[in-house]
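The values are calculated or read from the model by the stated rules, or taken from the named source; none is laboratory data. Just so it is clear, the model here is predicted, and its values are computed rather than measured. Virtual Cβ from ideal backbone geometry, glycine too; neighbours counted across all protein chains shown. The accessibility values were calculated without ligands, DNA or RNA, using every heavy atom of the protein model including side chains. Shrake-Rupley method; radii C 1.70, N 1.55, O 1.52, S 1.80 Å.
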Amino acid sequence: DAGVTQSPTHLIKTRGQHVTLRCSPISGHKSVSWYQQVLGQGPQFIFQYYEKEERGRGNFPDRFSARQFPNYSSELNVNALLLGDSALYLCASSSVGQGPYEQYFGPGTRLTVT
Amino acid sequence: RKEVEQDPGPFNVPEGATVAFNCTYSNSASQSFFWYRQDCRKEPKLLMSVYSSGNEDGRFTAQLNRASQYISLLIRDSKLSDSATYLCVVNAGNQFYFGTGTSLTVIP
């Protein structure tokens, strides 16, 4: 079975632009979570979606938004990019959306904002 | 105060050594606990879940102390391939909280 896939793998944007990152979960998984990882830090939680509904939101500004589609794939959108948004954006999928569960990560999208 | 705290290391150990990593968490309502491994410029990969009774997977042993809000990972007979960053992860509600990671280098 294919694992979690993300696109694009790398992206370079300039300040003020908008970006859309995409994620496809493991087949059969209904939950997708998004994380931001800056160099030297652990991943920081941005959003969780389960069955197309937002189930959790981390401490990120409203410039960050996401959605989940009927096929359980997901998009993360970031508006008005800042230099500080440069990071590895990770998508994780899981089979359930609450209670103890394990998450599996995609390879990430490395975003550079100049 | 951070949700999850880890000693960032680095830990440099010879092949065959035993090494232990520790992690503390602040939310007493945390429900589940994990160790992930992350290689340089790669995504985190699940190493093992951590259960209250402690659990072992080959050379790896994980322990959880809910009273002290403390998680540990023990690696025995270290291999060169164990070199990576080890992330302590705590699940509370719908959020997963990651530590900053502990860097391990196993030296020949």
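Between the stretch A:31-110 and the stretch B:56-108, what is the C-alpha centre distance in whole Å?
23
Please compute the modelled spin-label separation between B:I107 and A:A80, points set 7 Å along Cα→Cβ, answer in nm with one decimal.
5.0
What is the sum of charges around B:C40, taking Lys and Arg as +1, Asp and Glu as -1, for the other residues whose C-beta is under 14 Å from the C-beta of B:C40? Intermediate results must be reported in sequence, preceding the final value.
Values: positive: A:R110, B:R37, B:R41, B:K42, B:K45; negative: B:D39, B:E43, B:D82.
Within the 14 Å Cβ shell, the charges total +2.
Across the stretch B:86-93, in residue order, what do the Karplus-derived ³J(HN,Hα) couplings come to in whole Hz, using 6.51 cos²θ - 1.76 cosθ + 1.60 with θ = phi - 60° and x for Gly and Pro?
Karplus-based 3J(HN,Hα) across the stretch B:86-93 equals 10, 9, 8, 10, 10, 9, 9, x Hz.
Roll a 1.4 Å probe over the protein chains and send me the accessible area per residue for chain A in Å².
Working: 5310 Å² over 114 residues.
I get 47 Å² per residue for this part.
In whole percent, how big is the carbon plus sulfur part of the accessible area of chain A, probe 1.4 Å, protein atoms only?
Values: 2620 of 5310 Å².
The computed percentage sits at 49.
With θ set to phi - 60°, apply the Karplus curve 6.51 cos²θ - 1.76 cosθ + 1.60 along the stretch B:67-82 and write out the HN-Hα couplings as whole Hz, x wherever there is a Gly or Pro.
5, 8, 6, 9, 10, 9, 9, 10, 10, 9, 6, 3, 10, 4, 6, 7
Highest GNM mean-square fluctuation, chain B, Cα pairs closer than 10 Å: which of B:A92, B:A20, B:A67?
B:A67
Under unit Cβ charges (Lys, Arg +1; Asp, Glu -1), what dipole magnitude, rounded to 20 debye, does chain B have relative to its Cα centre? Intermediate values should be presented prior to the final figure.
Numbers: 10 positive and 10 negative charges, 32 e Å.
Dipole about the Cα centre, nearest 20: 160 debye.
Which of A:I12, A:I26, A:G56 sits closest to the plus end of the dipole of chain A, meaning its Cα is farthest towards the positive end, when Lys and Arg get +1 and Asp and Glu get -1 on the C-beta?
A:I12
Would you mind counting up the charge near B:N22? Only other residues with Cβ under 12 Å from its Cβ, with Lys and Arg at +1 and Asp and Glu at -1.
On the way: positive: none; negative: B:E5, B:D7.
Residues near B:N22 contribute -2 overall.
With only Lys, Arg, Asp and Glu charged, each at its Cβ (+1 for the first two, -1 for the last two), find how big the charge dipole of chain A is about the Cα centre; round to the nearest 20 debye. Before the final figure, lay out each step's value.
Values: 10 positive and 8 negative charges, 58 e Å.
Here the size comes out at about 280 debye.
Under the rule of at least 5 residues apart or a separate chain, name every residue whose amide H is placed under 5 Å from the amide H of B:N12.
B:T105
Which residue, B:G9, A:A87, B:Q95, has the largest displacement toward the positive end of the dipole of the protein assembly as shown when charges sit on each Cβ (Lys, Arg +1; Asp, Glu -1)?
A:A87
Can you list the residues, at least 5 places off or on another chain, whose amide H is less than 5 Å from the amide H of B:A92, using H built in the peptide plane?
Placed amide hydrogens put B:Q31, B:Y97 under 5 Å from B:A92.
Just the number, please: buried accessible area between A and B, total of both chains, 1.4 angstrom probe, nearest 100 square angstrom. Please list the in-between numbers first.
Details: alone 6160 and 5970 Å², together 10380 Å².
The summed interface area works out to 1700 Å².
Hey, got the dipole for the protein assembly as shown? About the Cα centre, +1 on K and R Cβ, -1 on D and E Cβ, debye to the nearest 20? The partial results should precede the final answer.
Working: 20 positive and 18 negative charges, 97 e Å.
Rounded to the nearest 20 debye, it is 460 debye.
Using θ = phi - 60° and the Karplus relation 6.51 cos²θ - 1.76 cosθ + 1.60, list the HN-Hα couplings for the stretch B:101-106 in order, rounded to whole Hz, with x at every Gly or Pro.
x, 10, 8, 10, 10, 9
Please check: in the Gaussian network model of chain A (C-alpha springs, under 10 Å), which one of A:Q103, A:Q36, A:Q17 has the largest mean-square fluctuation.
Most flexible of the set in this elastic network: A:Q17.
Trypsin sites (Lys or Arg not before Pro) within the stretch B:32-107: which are DSSP loop residues with at most 12 other Cβ atoms inside 10 Å?
Working: sites: B:R37, B:R41, B:K42, B:K45, B:R59, B:R66, B:R76, B:K79; in loops: B:R41, B:K42, B:R59, B:R66, B:R76, B:K79.
Passing both the DSSP loop test and the Cβ count: B:R41, B:R66, B:K79.
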